[in-house]
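Below is one structure, written out as structure tokens; the observations come after it.
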Amino acid sequence: NKKAFVELLFWKSPAAVREMSEGYGSLREGEGAARSRAPPWTPQEEQELRELYWKYKEVEGQDVVAAILAQLSAPGRTRRQVVKQLVRL
């Protein structure tokens with residue numbers, strides 16, 4: 001690829017660099033940035049998150065997010081996902 005030097009001028013993710021070095025289209029399904037994308041929150045999960053937040057927000061000396069994660073019925077949610085969704089709500 002004679003124009004690869006132009007791509008070097010811009011920041012790349014590790015997945016993009018791997019794809020450039022191994023050939024475009026070399027990433028299989030489920031790898032790279034798409035793999036790390038979290039599943040969207042359902043309305044039921046959002047409602048549960050609201051209820052848990054209102055339940056634990058007034059408790060002193062306790063980490064609200066940790067309490068919510070312990071009670072959340074949706075497995076696999078990370079602390080960062082919960083905090084981001086709370087801010088969005």
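Taking the range 13-32 as the region of interest, how many residues are modelled with pLDDT of 75 or more and either among the aliphatic types (A, V, I, L, M) or assigned to a loop (DSSP other than H, G, I, E, B) (or both)?
Qualifying residue count, the range 13-32: 4.
Within the range 60-82, count every residue that is at negative phi and open to solvent by 60 Å² or more (accessible area, probe 1.4 Å).
Residues that pass the stated criteria total 10.
Which condition number in (1) modelled with pLDDT of 85 or more; (2) within 30 Å of Pro14 (Cβ to Cβ); (3) not in a loop (DSSP other than H, G, I, E, B) is the one that Trp41 fails?
(3)
The values are calculated or read from the model by the stated rules, or taken from the named source; none is laboratory data. Keep in mind that this is a model prediction, so the values were computed, not measured. Positions of Cβ are backbone-derived with ideal geometry, glycine not excepted, and every protein chain shown enters the neighbour counts. Quick note on the areas: whole protein, heavy atoms, side chains included, nothing else; ligands and nucleic acids left out. Shrake-Rupley method; radii C 1.70, N 1.55, O 1.52, S 1.80 Å.
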